[in-house]
Structures are given as structure tokens and as C-alpha cells.
Amino acid sequence: MYLGVSSGFISKLIIILMMFISPFILLAFEGQKQIPIKNKPGLSLEETFNLYVRSIQKSDLEGLFSTVTEDEEFFFLTAGGKLIDTREQYYKFHEEWFKGENWDMPVDLIDVYEAKDYGYTLAIFHYRDKSPSAGMRILDSYFTLIFHKENNMWKVIGDICTPVNRYTTEENLEIKYDEKQEYLFDIIRNRRTVRRFKSTPIPKEHIIKILNAARFAPTSGNQQPWKFLVISDREKLNKLKEKAFLWYIEKYKEKVNPTKEDIEIVSDAVKNSLEGALSAPVYIAVLVDSKEKYPEYVIYDGTLAAGYLMIAARALGYGTGFFTSFFPEDKMKEFFNIPKQYNLICFTPIAVPLKWPEVPPKKELKDLIIFESF
Ligand SMILES: Cc1cc2nc3c(=O)[nH]c(=O)nc-3n(C[C@H](O)[C@H](O)[C@H](O)COP(=O)(O)O)c2cc1C
């Protein structure tokens, strides 16, 4: 007894209250119904859709493919407009995608249609890929999933992706680079073609270190077809200066049939350029062996090694240059007594610049990148 209310009255009150609130308790439970780990008979189309989405978000291939038809035929139109038309390819697509990390994809369900044995969902999938080198890639797409019933389970038989929004954020404050990473990117950005040098001697140790980096460039079939001809003989380089001048003027005369005055102007310019280009204490002729296993690729192999060399040289404070035009292959091979089977990729100085050049105009990144397709 309390406040004059009998215990019989209290139990009646509880029963009446329960009758009122129980439908709401049931509704609350309904809303929180757990999504199963795998598809099972009796799930509604929307529940199957939720399982499909949750499996993608958790990179759970097994869960995902329990919602996908067992039939071999499938229809998937990717964000890039590519058609994938078998279940196996759809599987491989997701397998590949799920290997990636650092992405997420919230989903907004817009519409569900569930008929007796077919139906569809329309949703927006907000894909976000935090790629460390390119900011955050964002892709928002409409996804229409088409379902049919197989063994009393809803299964996806078609998937049409329509991109609505695709871009990369300029800057993503969540992504941080440590000093070593920043250093590497700075070196790459600050590599410059240098055309005039100080005569400061370069330690042999540095040349070896640079070439040791160059040899880690990729090559076709790992054939590593290089020879790095190192030239530091000043007398020989002065001779090359004279020769290169003659080679150039000879070709110039052949090509444009110039007046005496033209020749004088060009001669002065070429002498001046060669004076700068050949002012370094050390040069490397990057050569590739055309008798290697994949001769059609040696040019790429050589060019990549030259690129690595230039970046490595920059890390030690040196300027370089992918010099070609003053140094024609046939003449250079003769001059340096290079065996016939080698191709000259470039002739590059390694030296302390007289002055680091300004960055020449570079195209904007956004004008160079195409994500997925044109
Ligand atoms: C295939 C190729 C050939 C080149 N030929 C020459 C050349 O003959 N003489 C020269 O001074 N620079 C040459 N260069 C260097 C470019 O002029 C230079 O890379 C470009 O102007 C951009 O400047 P940067 O290297 O400082 O970024 C060549 C570069 C490449 C990739």
C-alpha cells in the first residue's frame, strides 16, 4: 500500500500501459532489425539491398555475392561506361576493388520497388577514395540495381551506374605526408634541365651512387639493357664542343639553305649554347643494347633510367639535361667509339648549376588527368 493505491490496481495499470506501448516497442525493434551476414530466404528486397550495400562497405565478397544471382549472365555498366556481362567478371571487379584501402562509400536509398518476383532499387552511392598522392577522389553515382527471385531469395541480376559527380579535392587536410615523403616529391618537382654549370669537381662516389639509382628503373622483361658511358676527360669534351658545332651547322646548312648572315647568327647562338651545355665536369651517355631480348622496348628502358638518374642527381644537388639535339646519335657513336649495337638515349651532364633555372611553364594537373575515361 502506498498513497492509497492497491497492488491489484497497479498490475491492471501495467497491463493497460503495455497494450498501448507494445506496438511502438515492436516498431522500434523492426527498425533496428539486424542485417544478416549472408542472404537467406524470406528477406525483403530492401533488406537484401541493405545486405548488398553493407557487404560492399565492409569489402565482404561472400556477403555481397550471396545477394548476386547464381546465373552466369550478368549486366553491369560501370561508372566509366564499361560493360561487364558475366557474374565472374562482376566478382573479379569487386575482388580487385576490395583490395584497395582508405575509401568509404555512404549510400542514400532513394526508391525501392518490390513486385512478386522482380524489383529494383535506386540509390546514390557516394564513393570517396583518399588517395595519398592525388587528394580525395570523389565519385557520386546513381546505382540502379535490378533484382529477381531465386529460391525465395532476392538476387541482383543487373547493376547500372550513372555518375553524377566526379572530381578530386585539391587539398585534403586529413592526409598528411611525412618529411621523407615530402622530400621525395620536392626532389622530383625541383629537378631541372640545366644548360650552364660550375666546374666544381664531382666525387666519383656521387656518380656511382646516381648510376646505382638509375639501374633500379623498370625495364621490359627485366632486361636492363643499359650501358652508362661516363666522360670526364676535359680535352675530349672540348673536342666534342668543336665537333658538335660543326655537326649542327652542317645540318643547318643542308636543311634551310641559309644566307651568310643567317649562318653567323646561328653560329654565335650555337657556340654560346654549346659553351654552356658542355661546361660540366662529368657527362653520362645513356646507352641501350639493341641486341637484348626485347629490342623494341630498349628505348623506353633507356629513357626511364635517364629519368631515374636525373632525379637521383637532383637529390645530391646536381643539375642534368636530357640532351639530344646537339648530339646526334650517329656522330656521337663515332666520336666516342661506341659499338654499333648500342643506341644513344641521351647525353646528360651531372654538375652544379651556375644558377638553378626558373621552372619552365608546366601544364596544369587538371588538364592532364582523366579519371576512368575521356
Ligand atoms: C626527349 C627529350 C629530348 C630533349 N632534348 C633536349 C635537347 O636537345 N636540349 C636541351 O637543352 N634540352 C632537351 N630536353 C630537355 C627539355 O627541354 C626540358 O625537359 C623541358 O624544357 C622542361 O624543363 P625541365 O626539364 O627543367 O622541367 C629534352 C627532353 C626530353 C624529354
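The values are calculated or read from the model by the stated rules, or taken from the named source; none is laboratory data. Computed from a predicted structure; not experimentally measured. Because the Cβ atoms are built from the backbone with ideal geometry, glycine has one as well, and the counts that use them run over all protein chains shown.
Where helices (runs of 4 or more DSSP H) fall entirely within the range 255-374, those with at least 3 residues that are at pLDDT 95 or above and within 11 Å of the ligand (Cβ to nearest atom) are at 260-277, 298-315. Against the criterion of being out of contact with any Asp or Glu (no Cβ under 9 Å at 6 or more places or on another chain), within 27 Å of P353 (Cβ to Cβ), exposed (fewer than 13 other Cβ atoms within 10 Å of the Cβ) and of a type outside the set (A, V, I, L, M, F, W, C), N257 does not qualify.
Taking A217, is it outside any helix (DSSP H, G or I), surrounded by 17 or more Cβ atoms within 10 Å (Cβ to Cβ) and in contact with a Phe, Trp or Tyr (Cβ under 7 Å, 6 or more places away or on another chain)?
Working: outside any helix (DSSP H, G or I): yes; surrounded by 17 or more Cβ atoms within 10 Å (Cβ to Cβ): yes; in contact with a Phe, Trp or Tyr (Cβ under 7 Å, 6 or more places away or on another chain): yes.
So A217 fits the description; yes.
Every condition in (1) under 18 Å from K198 (Cα atoms); (2) crowded, with 20+ Cβ neighbours inside 10 Å; (3) without any contact (Cβ under 8 Å) to a residue 60 or more places away in the chain holds for L344 except the one numbered (1). Checking each residue in the range 75-96 for being in contact with a helix residue (DSSP H, G or I) (Cβ under 8 Å, 6 or more places away or on another chain) and not charged (D, E, K, R) picks out F76, T78, I84, Y91, H94.
Could you tell me whether K241 is out of contact with any helix residue (DSSP H, G or I) (no Cβ under 9 Å at 6 or more places or on another chain), within 16 Å of the ligand (Cβ to nearest atom) and farther than 29 Å from P218 by Cβ? Judged against the criteria, K241 is not a match. When the residues of the range 187-207 are filtered to those that are more than 13 Å from the ligand (Cβ to nearest atom) and exposed (fewer than 15 other Cβ atoms within 10 Å of the Cβ), the one that is farthest from V282 (Cα to Cα) is E205.
Whether any residue in the range 48-56 is surrounded by fewer than 16 Cβ atoms within 10 Å (Cβ to Cβ), of a type outside the set (G, A, S) and out of contact with any Leu (no Cβ under 6 Å at 6 or more places or on another chain) is what I want to check. Spell out how you get there, then give the answer.
Here is the first cut: in the range 48-56, the ones surrounded by fewer than 16 Cβ atoms within 10 Å (Cβ to Cβ) are none.
Within the range 48-56 (the criterion being surrounded by fewer than 16 Cβ atoms within 10 Å (Cβ to Cβ), of a type outside the set (G, A, S) and out of contact with any Leu (no Cβ under 6 Å at 6 or more places or on another chain)), the answer is no, since none of the residues qualifies.
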